[in-house]
Structure formats: C-alpha cells, structure tokens
Amino acid sequence: MRENLWLLLRNSSLLRKLSGIPLTNRAIKAVSRMLLPSNSKRRLRVRGGPAKGLVFELNPRWEIQLWEGRYEVAVQHLLVERLRPGSVFYDVGAGFGFYSLLAAHLGARVFAFEPDSKNAEALKHHARLNSCDLKIEILNAAVLAVSGHAQLSEASQETGHGSGHVIRSPEAEETTRAVACVSLDEFAKVNALPTLIKVDVEGSESEVFSGAEQLFERCRPMSSVKFMMR
C-alpha cells in the first residue's frame with residue numbers, strides 16, 4: 001500500500017508543480033520520508049519490461065526504475081535477443097542479480113560473479129524467490145586479470161543495492177576485506193563457454209578483458225562497450 005501511494009505521489013503532475021513552492025516541497029519530502037524510509041527495502045514485483053513479473057527486494061524510494069522495469073531497457077532487450085534455453089551467461093559484477101535473474105528466466109545457464117558479500121547473499125535470496133536457484137551458480141569472487149586474491153571495498157546499502165570495488169592503494173586496506181579473484185581464462189578452462197558476458201565492475205573492466213584473451217579467441221566474440229558476445 002505504501003509503495004502504491006508513493007508511486008501515485010511521484011507520478012502526480014499536480015504535485016510536481018507544487019514541488020516548486022518551497023514550503024510545499026518540504027512537506028512533500030517529509031511525507032515521502034514517512035512513507036518510505038531511505039534505507040528500507042520491500043519485496044516488489046517488476047511491473048514492466050522484459051523482467052516483468054520477477055520478484056526482488058528493492059528500495060522503492062531509490063530503485064524505482066528497477067521496480068518499474070525501466071532500468072537499462074536496451075540492455076534488457078539485448079539479453080532477450082541473445083539468450084534462449086541452452087545459452088550460457090557470464091554475469092561479471094552481478095550485484096543483487098537483476099540480469100542474472102532475467103537471463104535465468106530466459107532459460108540460460110548463469111554463472112554470476114559477485115565479490116561483495118551482501119550483494120551475493122541478496123542474489124542468492126532473489127534466485128530462491130524466483131525459483132531460479134538451480135539455474136544460477138553464484139561465485140563470491142572478483143573477476144580480474146589473474147586468479148588469486150584482491151582487496152575489496154564493499155558496497156553501501158543505504159539507498160539500495162550498491163556496488164563494491166577493488167582497491168589498489170595500500171593505505172585503504174583497513175576499510176577493505178580480502179576476496180578471491182579469478183580470471184575468465186582460468187574459469188572457462190573447466191566450465192562451459194559463454195554465449196554472452198556482461199561486465200560491470202566499477203572501473204576494473206580492463207583487467208577483466210586482459211584476463212579473458214584466450215577465452216575471446218576460443219569464443220570469437222563480437223564486442224561492445226559493456227558486453228562481450230559469442
């Protein structure tokens with residue numbers, strides 16, 4: 001009920017006009033904070049787009065595009081075009097699992113790489129909620145140029161699902177934790193080759209690609225900025 005009221009307020013053309021008035025704007029913000037605390041999450045069903053019907057625990061105040069199905073729609077449609085039953089999807093930087101769940105929903109076998117422990121737990125939870133846990137293998141590891149270990153600064157969860165990132169500077173080690181890391185070349189030696197790879201790793205994309213040169217030669221992928229395809 002609160003989420004529906006929040007959406008009604010958000011989409012109201014009258015309230016958008018009133019928000020330009022300082023006193024009214026402060027009142028609207030106060031009501032929104034009461035309806036939806038900034039760090040709250042709710043179990044929500046995606047309302048539109050290719051992921052329509054999938055269930056996630058989202059922050060309806062900050063993750064409204066995910067809830068409405070408007071998040072990176074072009075990317076969603078690319079998965080629909082490229083994946084089908086029998087496909088293999090590598091989700092590198094899987095986060096809480098939006099694309100992993102969409103790929104599994106399309107019938108693909110999914111390998112989801114997510115080094116952030118909270119995001120990996122959320123992904124596991126979402127896979128169970130959507131009865132996709134048998135289609136998704138979750139690897140709590142970073143993907144880099146070589147296998148081993150790295151230091152990770154974990155994501156903030158204050159305004160929804162954040163993204164952790166690998167830290168290179170030694171002075172930052174007190175605020176990080178050690179995580180396993182793997183190269184795609186090493187991983188693909190003992191696992192199924194991908195039909196499609198999504199890479200979203202907060203600035204470490206060049207290391208992912210450096211550790212996947214042999215894989216790309218074996219798969220002969222087409223490529224774009226964010227995706228690698230066979």
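Just checking, does the range 54-67 include any residue being open to solvent by 40 Å² or more (accessible area, probe 1.4 Å), in a loop (DSSP other than H, G, I, E, B), out of contact with any strand residue (DSSP E or B) (no Cβ under 8 Å at 6 or more places or on another chain) and farther than 20 Å from Ala122 by Cα? Break it down stepwise before answering.
Here is the first cut: in the range 54-67, the ones open to solvent by 40 Å² or more (accessible area, probe 1.4 Å) are 57, 61-62, 65.
The next check asks that each one be in a loop (DSSP other than H, G, I, E, B); those that pass are 61-62.
Cutting the leftovers down to out of contact with any strand residue (DSSP E or B) (no Cβ under 8 Å at 6 or more places or on another chain) gives us 61-62.
Imposing the further condition that a residue be farther than 20 Å from Ala122 by Cα reduces the set to none.
Within the range 54-67, not a single residue is open to solvent by 40 Å² or more (accessible area, probe 1.4 Å), in a loop (DSSP other than H, G, I, E, B), out of contact with any strand residue (DSSP E or B) (no Cβ under 8 Å at 6 or more places or on another chain) and farther than 20 Å from Ala122 by Cα.
Return the residue satisfying two criteria in turn: it lies in the range 170-189 and is under 20 Å from Ser210 (Cβ atoms) and open to solvent by 40 Å² or more (accessible area, probe 1.4 Å), and of such residues it is modelled with the lowest pLDDT. Working first, answer last.
Restricting attention to the range 170-189, the residues satisfying the condition of being under 20 Å from Ser210 (Cβ atoms) are 179-189.
Next, only the ones that are open to solvent by 40 Å² or more (accessible area, probe 1.4 Å) stay: 180, 186, 189.
Numbers: Ala180: 91, Glu186: 96, Lys189: 95.
In this case the residue turns out to be Ala180.
Which residue is nearest to Thr176 (Cα to Cα), if the candidates are limited to the range 90-119 and must be out of contact with any Leu (no Cβ under 8 Å at 6 or more places or on another chain) and in a helix (DSSP H, G or I)? Break it down stepwise before answering.
Here is the first cut: in the range 90-119, the ones out of contact with any Leu (no Cβ under 8 Å at 6 or more places or on another chain) are 91, 93, 104, 109-110, 117-119.
Checking the rest, the ones that are also in a helix (DSSP H, G or I) come to 104, 117-119.
Values: Ala104: 31, Ser117: 12, Lys118: 14, Asn119: 15 Å.
The selected residue is Ser117.
Between residues in the range 70-89 that are part of a helix (DSSP H, G or I) and residues that are surrounded by 15 or more Cβ atoms within 10 Å (Cβ to Cβ) and of a type in the set (Ser, Thr, Tyr), which pairs lie under 7 Å by C-beta distance while being six or more apart or on different chains?
Filtered contacts from the range 70-89: Leu79/Tyr99; Arg82/Thr195.
Give just the number: which of (1) within 15 Å of the chain's Cα centre (by Cα); (2) touching a residue at least 60 places away in the same chain (Cβ under 8 Å); (3) farther than 16 Å from Asp200 by Cα; (4) open to solvent by less than 20 Å² (accessible area, probe 1.4 Å) does His125 not satisfy?
(4)
Condition first: modelled with pLDDT of 90 or more, open to solvent by 50 Å² or more (accessible area, probe 1.4 Å) and not charged (D, E, K, R). Can you find one or more residues in the range 158-169 that meet it? If you could, list the steps in order and put the result at the bottom.
Taking the range 158-169 first, the residues modelled with pLDDT of 90 or more are none.
The answer is no, given that none of the residues of the range 158-169 is modelled with pLDDT of 90 or more, open to solvent by 50 Å² or more (accessible area, probe 1.4 Å) and not charged (D, E, K, R).
Among the listed residues Ser87, Ser100, which satisfies the condition of being hydroxyl-bearing (Ser, Thr, Tyr), closer than 18 Å to Glu63 by Cα and open to solvent by less than 40 Å² (accessible area, probe 1.4 Å)?
Values: Ser87 fails: closer than 18 Å to Glu63 by Cα.
It is Ser100.
For Gln151, which of the numbered conditions (1) more than 28 Å from Glu213 (Cα to Cα); (2) of a type in the set (S, T, N, Q); (3) part of a strand (DSSP E or B) fails to hold?
(1) is the only condition that Gln151 fails.
Among the candidates Gly107, Gly48, which residue alone is surrounded by fewer than 17 Cβ atoms within 10 Å (Cβ to Cβ) and without any contact (Cβ under 8 Å) to a residue 24 or more places away in the chain? Explain how you work it out, then say what you get.
Details: Gly107 fails: without any contact (Cβ under 8 Å) to a residue 24 or more places away in the chain.
Being surrounded by fewer than 17 Cβ atoms within 10 Å (Cβ to Cβ) and without any contact (Cβ under 8 Å) to a residue 24 or more places away in the chain holds for just one of Gly107, Gly48, which is Gly48.
Considering the range 128-142 alone, what residues qualify as being modelled with pLDDT under 95 and either open to solvent by less than 20 Å² (accessible area, probe 1.4 Å) or assigned to a helix (DSSP H, G or I) (or both)?
Cys132, Ala141, Ala142
Looking at (1) touching a Lys or Arg at 6+ places or on another chain (Cβ under 9 Å); (2) buried (at least 18 other Cβ atoms within 10 Å of the Cβ), which one does Asp116 not meet, given that it meets all the others?
(1)
Filter the range 195-209 for residues that are open to solvent by less than 60 Å² (accessible area, probe 1.4 Å) and in a helix (DSSP H, G or I) and give the result. Reasoning before the result, please.
Filtering the range 195-209 for residues open to solvent by less than 60 Å² (accessible area, probe 1.4 Å) gives 195-201, 204-205, 207-209.
Of everything in the range 195-209, those that are open to solvent by less than 60 Å² (accessible area, probe 1.4 Å) and in a helix (DSSP H, G or I) turn out to be Glu205, Glu207, Val208, Phe209.
The values are calculated or read from the model by the stated rules, or taken from the named source; none is laboratory data. It should be emphasised that the depicted structure is a prediction, and the values quoted were computed from it without experimental measurement. Because the Cβ atoms are built from the backbone with ideal geometry, glycine has one as well, and the counts that use them run over all protein chains shown. Just the protein is used for accessible areas: all its heavy atoms, side chains included, with ligands, DNA and RNA removed. Shrake-Rupley method; radii C 1.70, N 1.55, O 1.52, S 1.80 Å.
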